[in-house]
Amino acid sequence: VLSPKETESFCRHACSDNNFYHASALMLSLVSGMRIGNVISLTRSMISDDLSSIMLPMTKSGRSQRIYISEPAKRILSKCLDVAFNHWVFPSMIHEGEHIGAPRACMERIQQLMKEDGSWAGYFTIHDLRRTYASTMLAATNDIRLAQQSLGHSSVSVTERYAYHQNIHLAQASQKTVDAMLPNFTFD
């Protein structure tokens, strides 16, 4: 899971990448929590006219799912739709009539730039963008059912696997716990 600083660096480098469709697909995965396979296979007909939601006809669970999206996701979609030249939101520039493949090379370029600027020392996968979205949603809302619905998980136990917390959140939770246990006690 990326920290806020790492996420910002990721976004900065993705926005400057020379492969617009691949970088935009990665960004949409990050800001929507969608699996990359669902992102790259989006068609115009799946997106509501006002860009407020996406209707996925088939997800990993075998069910359809409506994804409600944020303003940044709407901006990404709008830019992609403005330049898309067929029914795919992320059309392939290589294979006529198809959508892009998984943007692995773009991800590697972004990771390399993050390493060079000192904002990331390790390795993360494309799916970690979804994990980052899920963990951030859980931290921001404290509502695991909301995260479950947003991610399209069949059960809360699946969503719980995405509940990674940043060290600052763990420290704050520790302090809140002690404050609740001993509201009037001071350690001298």
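Looking only at the range 109-135, filter to residues that are touching a residue at least 24 places away in the same chain (Cβ under 8 Å) and of a type in the set (Ser, Thr, Tyr); which one of those is most open to solvent (accessible area, probe 1.4 Å)?
TYR133
The set of residues in the range 1-55 that are surrounded by 19 or more Cβ atoms within 10 Å (Cβ to Cβ), among the polar types (S, T, N, Q) and in contact with a Cys (Cβ under 9 Å, 6 or more places away or on another chain) contains only SER24.
Taken over the range 151-176, the criterion of being modelled with pLDDT of 80 or more and assigned to a helix (DSSP H, G or I) is satisfied by LEU151, VAL156, SER157, VAL158, THR159, GLU160.
Picking from residues in the range 93-108 that are open to solvent by 90 Å² or more (accessible area, probe 1.4 Å) and touching a residue at least 12 places away in the same chain (Cβ under 8 Å), the one that is farthest from the chain's Cα centre (by Cα) is MET93. Among the residues of the range 30-54, those that are out of contact with any strand residue (DSSP E or B) (no Cβ under 7 Å at 6 or more places or on another chain), assigned to a loop (DSSP other than H, G, I, E, B) and closer than 10 Å to ALA73 by Cβ comprise GLY33, LEU51. Residues that are over 30 Å from SER48 (Cα atoms), outside any helix (DSSP H, G or I) and among the polar types (S, T, N, Q): does the range 131-150 have at least one? The answer is no, given that none of the residues of the range 131-150 is over 30 Å from SER48 (Cα atoms), outside any helix (DSSP H, G or I) and among the polar types (S, T, N, Q).
Out of the residues in the range 66-92 meeting the condition of being β-branched (Val, Ile, Thr) and either at pLDDT 95 or above or more than 17 Å from the chain's Cα centre (by Cα) (or both), tell me which one is farthest from LEU28 (Cα to Cα). Residue satisfying both the conditions and the ranking: VAL83. Contact map, the range 1-23: first residue closer than 19 Å to PRO91 by Cα, second residue modelled with pLDDT of 95 or more and basic (Lys, Arg), Cβ cut-off under 9 Å, separation 6 or more or different chains; pairs are ASP17/ARG109; ASN18/ARG109; ASN19/ARG109; PHE20/LYS79; HIS22/ARG104; ALA23/ARG109.
The values are calculated or read from the model by the stated rules, or taken from the named source; none is laboratory data. All figures in this text were calculated on a predicted structure; none of them were measured in a lab. When we count neighbours, we look across all protein chains shown, and the Cβ atoms used for this are built from the backbone with ideal geometry, even at glycine. Ligands, DNA and RNA are excluded from the accessible area calculation, which covers all protein heavy atoms including side chains. Shrake-Rupley method; radii C 1.70, N 1.55, O 1.52, S 1.80 Å.
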